[in-house]
Amino acid sequence: MSSTGFTRRVAIAAMSAFALLAGGARQNTLAQSRPAIRNVQVDVAPLRANVGDPTASWVERELPGELAQALAGRTTPRGRALVVRIDYVTLGAKKESWAQDNISGVAMTGGVAWPVRAITRYQSSAEDQAMVQESNHQRVTQLVQALAYWIARDF
């Protein structure tokens, strides 16, 4: 083997190792730059005014747990409070057995507020017509899970 080939392989290996280390350091920096959370509060008063119950009750009951699960490992007594206000839930009309559902509101922490939104697609079945409330609850649950995922990912 020529020394040029060997040197080239060593240089490629060193560059690859550097790239892996730099990528890992970037992930650690991103993870450390995310603020710690002390507690999560969910406000559904605007949602209750807009669409009423049981939708507002479902979100009020399910979103805190989903957020706690999505933010696991980032909670600490010295963290910031996270307040999520939900303004709207829209269960879309079915088109060719599919519907697009939306949930939107505002997340606030440390005096900063930003809009949050999640969209899910729901495939209806023949049973949905007989069990409307159960299928709507399932659709709201899917929206809440999606919203919690995006808040934890983007926050």
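The values are calculated or read from the model by the stated rules, or taken from the named source; none is laboratory data. Computed from a predicted model, the values in this text were never measured in an experiment. For neighbour counting, all protein chains shown are included, and Cβ atoms are generated from backbone atoms with ideal geometry for every residue, glycine included.
Could you please find all residues in region 29-49 being at pLDDT 95 or above and in a helix (DSSP H, G or I)? Lay out the reasoning, then the answer.
Residues of region 29-49 that are at pLDDT 95 or above, as a first pass: 42-49.
Across region 29-49, the qualifying residues are ALA45, PRO46, LEU47, ARG48, ALA49.
Looking at region 135-148, can you tell me whether even one residue there is under 24 Å from ILE37 (Cα atoms) and of a type in the set (Gly, Ala, Ser)? It would help to see each step written out before you state the result.
At the first step, the residues of region 135-148 found to be under 24 Å from ILE37 (Cα atoms) are 141-148.
Keeping just the survivors that are of a type in the set (Gly, Ala, Ser) gives 146, 148.
Yes.
Checking the conditions here, which among ALA70, ALA56, ALA93, ALA81 is out of contact with any helix residue (DSSP H, G or I) (no Cβ under 8 Å at 6 or more places or on another chain) and touching a residue at least 12 places away in the same chain (Cβ under 8 Å)?
The match here is ALA81.
From the list THR75, THR109, exactly one residue is β-branched (Val, Ile, Thr), under 24 Å from ARG38 (Cβ atoms), in contact (Cβ under 8 Å) with a residue 24 or more places away in the chain and surrounded by fewer than 18 Cβ atoms within 10 Å (Cβ to Cβ). Which is it?
Details: THR109 fails: surrounded by fewer than 18 Cβ atoms within 10 Å (Cβ to Cβ).
Result: THR75 is the single residue among THR75, THR109 that is β-branched (Val, Ile, Thr), under 24 Å from ARG38 (Cβ atoms), in contact (Cβ under 8 Å) with a residue 24 or more places away in the chain and surrounded by fewer than 18 Cβ atoms within 10 Å (Cβ to Cβ).
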Count - residues of region 74-102 that are in a strand (DSSP E or B) and hydroxyl-bearing (Ser, Thr, Tyr): 3
Given (1) modelled with pLDDT under 95; (2) closer than 16 Å to ASN39 by Cα; (3) hydrophobic (A, V, I, L, M, F, W, C); (4) surrounded by 18 or more Cβ atoms within 10 Å (Cβ to Cβ), index of the condition LEU63 fails: (1)
Flag if ILE119 is crowded, with 19+ Cβ neighbours inside 10 Å, in contact (Cβ under 8 Å) with a residue 12 or more places away in the chain and closer than 15 Å to ILE151 by Cα: no
Test result for GLN138, surrounded by 12 or more Cβ atoms within 10 Å (Cβ to Cβ), in a helix (DSSP H, G or I) and either free of Cβ contacts under 8 Å to residues at least 24 places away in the same chain or among the acidic types (Asp, Glu) (or both): yes
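Could you look through region 66-79, keep only residues that are out of contact with any strand residue (DSSP E or B) (no Cβ under 8 Å at 6 or more places or on another chain) and at pLDDT below 90, and pick out the one that is farthest from GLN41 (Cα to Cα)? Spell out how you get there, then give the answer.
At the first step, the residues of region 66-79 found to be out of contact with any strand residue (DSSP E or B) (no Cβ under 8 Å at 6 or more places or on another chain) are 66, 69-70, 72-73.
Now drop any that are not at pLDDT below 90, which leaves 72-73.
Values: ALA72: 15, GLY73: 17 Å.
Looking at residues that are out of contact with any strand residue (DSSP E or B) (no Cβ under 8 Å at 6 or more places or on another chain) and at pLDDT below 90, I get GLY73.
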